[in-house]
Amino acid sequence: MLAVLLFAAFWVVLGFMVFFFGIRGGPSAAMDVPGRRGSYAGRRAMAWVFVVTYIAFGIVLPALFLIGNHNSANGQVGGIKLTAAEKRGREIFGERCGLCHTLAAANAVGKVGPNLDQIQPTQQLVLHTIEYGCLQNPPSGSQEACLGEGTMPADVVQGIDATDVAKFVSKVAGQE
Ligand code: HEC
């Protein structure tokens with residue numbers, strides 16, 4: 001919103017400058033008082049105002065907008081805002097889980113394990129699965145029991161990494 005206002009302000013200011021110099025016959029006419037020292041300095045000052053204005057509005061502001069957009073794009077998945085922890089989780093997911101699992105929000109298309117967009121696991125289930133892994137034929141009542149579709153290694157990631165991945169997956173699965 002601020003960006004839009006600044007952008008509009010730039011064109012308004014530019015418009016006034018053009019108008020001002022237009023009716024006065026250009027920067028030199030606006031500044032020049034014949035036979036006086038200082039007219040040269042005045043013109044130089046005007047030139048600097050133009051240069052600074054152009055750099056500030058023409059280069060710096062657009063660059064800031066682009067960076068700002070880039071940041072907010074990274075922080076969003078299909079309109080869902082990610083926290084810093086969830087962003088970390090997405091990176092870790094891409095490195096450690098995406099080989100085996102499909103998850104649209106992480107651009108992951110692995111086919112070894114189940115599609116997480118379909119399972120839509122809770123944070124707890126993801127954490128539990130990471131911690132204990134999955135066995136295809138687990139002894140009854142064991143912690144490694146999963147869907148029975150294959151084997152997933154335990155402790156692919158640990159500690160805060162595991163928590164961040166779990167937050168990310170449970171937030172975005174099936175959302176994109
Ligand atoms: C080596 C391949 C592989 C990797 C790497 C892997 N998984 Fe799995 N994952 C599997 C397989 C296979 C299953 C299915 C196990 C089953 O159903 O018995 C599974 C199942 C799951 C399930 C479903 C569990 C359930 O009970 O429904 C979740 C959630 C999961 N994985 C999350 C993850 C996360 C998060 C990571 C990254 C930290 C990860 N996986 C890394 C292969 C993998």
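The values are calculated or read from the model by the stated rules, or taken from the named source; none is laboratory data. Because the structure is predicted, anything quoted here is derived from the model rather than measured. Quick reminder, even Gly has a Cβ in these numbers, built from the backbone with ideal geometry, and neighbours come from all protein chains shown. Surface areas here come from the heavy atoms of the whole protein model, side chains and all, with no ligands, DNA or RNA. Shrake-Rupley method; radii C 1.70, N 1.55, O 1.52, S 1.80 Å.
For this structure, a couple of remarks:
- Counting only protein chain heavy atoms and rolling a 1.4 Å probe, the accessible areas of 128, 101 rank, largest first, as 128, 101.
- In this structure the chain gives 65 Å² per residue of accessible area when probed at 1.4 Å with all protein chains present.
- Taking the square roots of 5 times each eigenvalue of the Cα gyration tensor of the chain, largest first, gives ellipsoid semi-axes of 64, 13, 10 Å.
- Charged-residue dipole, Cβ positions (Lys, Arg, Asp, Glu), the chain about Cα centre, Debye nearest 20: 1460 debye
- Of the DSSP H helices in the chain, those whose Cα atoms cover at least 30 Å axially and whose Kyte score averages 1.6 or more: 2-24
- Semi-axes of the equivalent ellipsoid of segment 77-120 are 18, 12, 7 Å, computed as sqrt(5λ) over the eigenvalues of the C-alpha gyration tensor in descending order.
- Lysine pairs within the chain, Cα separation less than 19 Å, 8 or more sequence positions apart or different chains: 4
- For the chain, with +1 on Lys and Arg beta carbons and -1 on Asp and Glu, the positive-most of 84, 123, 101 along the dipole: 84
- Using a Förster distance of 30 Å, the FRET efficiency for residue 59-residue 99 (Cβ separation, nearest 0.05): 0.10
- Pairwise label distance in nanometres, residue 23 with residue 51, each label 7 Å out on the Cα-Cβ vector: 2.9 nm
- Inter-probe distance in nm under a simple model that places probes 7 Å from Cα toward Cβ, at residue 151 and residue 87: 3.8 nm
- Ordered by solvent-accessible area of protein heavy atoms (1.4 Å probe), largest first, the residues 125, 66, 14 come out as 66, 125, 14.
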